[in-house]
Amino acid sequence: MRLSTLCMFTLITLLLASGCAQRPGIKDSTTTEDGRFRVTWWQTPPRPIEANSYFELFVEVEDLTDDEEPYDLRFDATMPAHRHGMNMVASPTRFTRDSWVVRDLLLHMPGEWVMTFDVTDQNGVLHRASETVILD
Amino acid sequence: MCMIAAMTVCLTLAASQTSDAADRLHAMAKSLSPVPPPPTNPTNAFALSPAAALFGQRLFFDPGLSRAGDVSCSTCHDPTLAFADGKQVAEGLNTGTINSPTILGAAHHRWLFLDGRADTLWSQALGPIENDLEMGSSRTDAVRHIAGNEILRAEYTALFGPLPDVENLDRFPVNARPGRPQWEAMGTEDQHAITSAFVNLGKAIEAYERLLQPGHSDFDRWVASIDAGTSSTELMSPAAHRGFGLFAGDAGCRQCHFGPMFSDLEFHDLALPPRDPAAAPLPGRGAGYELLRKREFAADGIWSAAPGSTKARRAAGARIGPEHWGSFRTPSLRNVAKTGPYMHAGQFETLSEVLAFYNTLDGQVRRHHHAESVLQPLNFTPDQLADLEAFLKALSGDPPAILLRKPRRSNGTEPPKSAE
């Protein structure tokens, strides 16, 4: 047990030392609930997100079925347990045909937040991807 | 032999868990202390000017900025009461509906007034001067007061340049402020000159208020001892130590009260019982947001030194939702023992009453179905509540005494009576 603990400790130390867990530019990814789009986002520091610290997301949306240009992206974040959302308007700014920048995001409390990425396709149909983030 | 080994493992694990818990608590403590310098405010080019701060300090204590010469900023933000006023709701020229918050550490807030109707400290400072519940004056008369006082005029012109010719009452009528016929009768250039000078007064007051930081408290001294590797537990009482454990743990206070100011700086609706059940409910941020949007002195407006700054952009990006109706800004807990009565309408006289509310949530009034639901009853014992209160009382610390009174002249003498 002691050996395995030591191995785990060494592994974590090496990971942290290499900056893998903190390095800006590391991306996260999920797909919309219907599997149509893959949503990938890069986050500016602080990373991981800190409660009540502003951050930005660079979001890329890939159509996994039709290779079609997404029509629009909306972003939001809520705390379901508290029944409230962010106190900032999230306004994605289109960067390329399939990417957006979302500035001035602020998750103002510790706890469980659900980030939602709503992708509208060219037919006006909404496709939702979501990710849960727990802030200390 | 096996039993000894097992006991040793158990004891080691227990010691390790205790150490982990202490480490977590220390990490939490260090996230709350010390208070850093306030964030910069690029919308005020004079925010860091010592001369502006001295001038602003003079203005802060000057009742000459009020209509009848009997109310100053310090009336509701009394330095002997930790820059609050000890009253349930503010009393200036008339009685208001909101409790006066302390302005110690106000420069850390991203929203000013408890409903967040202002996005900079300088624009907040201008509001009460023209509010008939508070100082009831006008920007024109405020500028005339500066022009008519030798010391104030000299300090103003040294900082900001010449004042408008406010002695000319035809061009600059008495009581002239937006919304009044006297103001509408003025020429556009004269209106602009008055407002420009008026804004400068607010920017000087901000320069002073930025210096009003919460002083070092017993809690800060204990946290500093952790950093020094000594962790001197005698710097806080045992009850306060236990109270901090509850604060950081089961009480859940840190959901809203975190960071060096012990506040998330944002808005919440605790469904507090109203002070006066017969009175109309207070809309809080719901109305504050609308006032913010219409505000003449916005961070991204023409009177801002940096309307394109990140601060201004973020202020303009505030969101309002149905859950904000009835919500108020989370107060800092620094100096909380000195700033009662408590809550946005002074609903509770003492900290004990505040904690009793959190313990049971008795009397909560949900005014609409969109309200957030952050609180759960603590169900603590009386001893636990006493410990929490002891911790809150360990958060008191005064700023330097030189900031707590009307400034003397630079040569150490009191200003002449005309400046009183």
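List of remarks:
- Number of partner chain Cβ atoms within 10 Å, mean per residue of A:70-81: 1
- The amide H of B:T120, built 1.01 Å from its N in the peptide plane, has B:L112 as neighbours under 5 Å, considering only residues 5 or more places off or on other chains.
- Under a model in which nothing but the beta-carbon of Lys, Arg (+1) and Asp, Glu (-1) is charged, the protein assembly as shown shows a dipole of about 1040 debye around its Cα centre.
- Peptides B:258-271, B:287-300, B:200-213 ranked from most to least packed give B:200-213, B:258-271, B:287-300, packing being the mean of other C-beta atoms within 10 angstrom over each peptide's residues.
- Of B:K87/B:K406; B:K30/B:K393; B:K294/B:K406; B:K203/B:K338; B:K87/B:K294, those spanning more than 25 Å from alpha-carbon to alpha-carbon: B:K294/B:K406; B:K203/B:K338; B:K87/B:K294
- This model, with +1 at the C-beta of Lys and Arg and -1 at the C-beta of Asp and Glu, gives the stretch A:23-135 a dipole about its Cα centre of some 520 debye.
- Fluctuation leader among B:Q347, B:Q124, B:Q384 - chain B, Gaussian network, Cα springs under 10 angstrom: B:Q384
- Residue with peak Gaussian network fluctuation, chain B [Cα springs, cutoff 10 Å], from B:P38, B:P173, B:P181: B:P181
- Full extension of the chain between A:T65 and A:R83 gives 3.0 nm of extra length, using 0.36 nm per residue less the Cα-Cα distance.
- Within 10 Å of the Cβ of each residue in A:52-59, the mean number of Cβ atoms contributed by other protein chains is 1.
- Of the complete DSSP H runs in chain B, those spanning 18 angstrom or more by Cα along the long axis with a mean Kyte-Doolittle score not below 0.5 are B:2-30.
- Label zone (B:A27, point 7 Å along Cα-to-C-beta; backbone nitrogen cut-off 11 Å) within the stretch A:47-68: none.
- GluC sites (Glu not before Pro) lying in DSSP loop within the stretch B:78-186, provided at most 14 other Cβ fall within 10 Å: B:E167
- Shielding by other protein chains, B:372-380, mean Cβ within 10 Å: 2
- Centroid-to-centroid separation of the stretch B:50-68 and the stretch B:123-187 [C-alpha atoms, Å]: 13
Bear in mind these aren't lab numbers, they're just calculated from the coordinates by the rules spelled out. Small disclaimer: the values here were computed from a predicted structure and weren't measured. Note that we place each Cβ from the backbone using ideal geometry, even for glycine, and neighbour counts take in every protein chain shown.
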